[in-house]
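Everything on this sheet refers to the single structure shown next.
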Amino acid sequence: LIDRMYLNYDDGATVGVVLFSRVTEIVHQMSGDRAALDTAIAGMRFPRSWTMTGEAIRVAMNMMANGGRQGVPGVVFIVTDGRPTYEWDATAAAEEARRSGTRLFFIGVGRNMDWAAMARWSTAPSDQNLEYVDNYAKIDDKIAALTADLCPRSIAGRRSRRRTRATTSAASRRPCRR
């Protein structure tokens with residue numbers, strides 16, 4: 001995701017990364033520094049435990065509120081390979097995101113998903129904000145297509161070989177320059 005985005009505080013995207021499992025951890029605050037974000041993501045370890053989706057959404061929204069730009073709509077990409085441990089909390093967090101105007105993209109990896117619930121949590125229309133991939137090897141192209149939907153200029157055109165698991169990426173961006 002990061003390797004394909006145009007990162008720039010003034011007219012591009014800024015990105016933050018959250019890892020969630022039993023504990024929700026801010027891996028990197030909102031930034032346009034590709035090298036620092038790449039280093040932070042490369043150092044992530046995936047604990048394979050609970051799936052605290054609701055908490056991850058809230059942490060991403062708070063991160064954008066404290067480090068994003070005012071007046072810029074926020075987008076949260078939720079990449080997960082499991083069902084939320086507390087579905088009621090994911091539902092409540094998705095409602096909070098909807099009320100705040102934050103767009104939620106869900107990307108389910110593998111088959112351990114409640115697709116009907118993910119469709120409810122993602123921003124409407126869910127067919128534009130909910131995707132499925134068989135495995136992490138296929139995720140780069142899927143995320144590139146979703147990112148292109150936000151703004152064709154946000155794609156940097158490079159291919160990433162990095163895998164991400166159970167991560168939330170908060171992106172804050174300005175409208176495309178004409």
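The values are calculated or read from the model by the stated rules, or taken from the named source; none is laboratory data. Note that the coordinates shown come from a computational prediction; the quantities given were computed from them, not determined experimentally. A quick note on method: Cβ atoms are made from the backbone with ideal geometry, for glycine too, and the neighbour counts reach across all protein chains shown. When the accessible area is computed, the model is the full protein with side chains, heavy atoms only, and any ligands, DNA or RNA have been set aside. Shrake-Rupley method; radii C 1.70, N 1.55, O 1.52, S 1.80 Å.
Among the trypsin sites (Lys or Arg not before Pro) within the range 62-138, those in coil by DSSP and having at most 15 neighbouring Cβ atoms inside 10 Å are R69, R111.
Rolling a 1.4 Å probe over the protein heavy atoms leaves D141 with an accessible area of roughly 80 Å². Of the trypsin sites (Lys or Arg not before Pro) found in the range 1-67, the ones in coil according to DSSP and having at most 12 other Cβ atoms within 10 Å of their Cβ are R22, R45, R48. In this structure L130 has an accessible area near 30 Å², from a 1.4 Å probe over the protein heavy atoms. Computed with every protein chain present, the accessible area of I143 is close to 10 Å² [probe 1.4 Å].
For the range 84-147, the relative contact order is 30 percent, taking Cα pairs closer than 8 Å that sit 6 or more residues apart in sequence and dividing their mean separation by the residue count.
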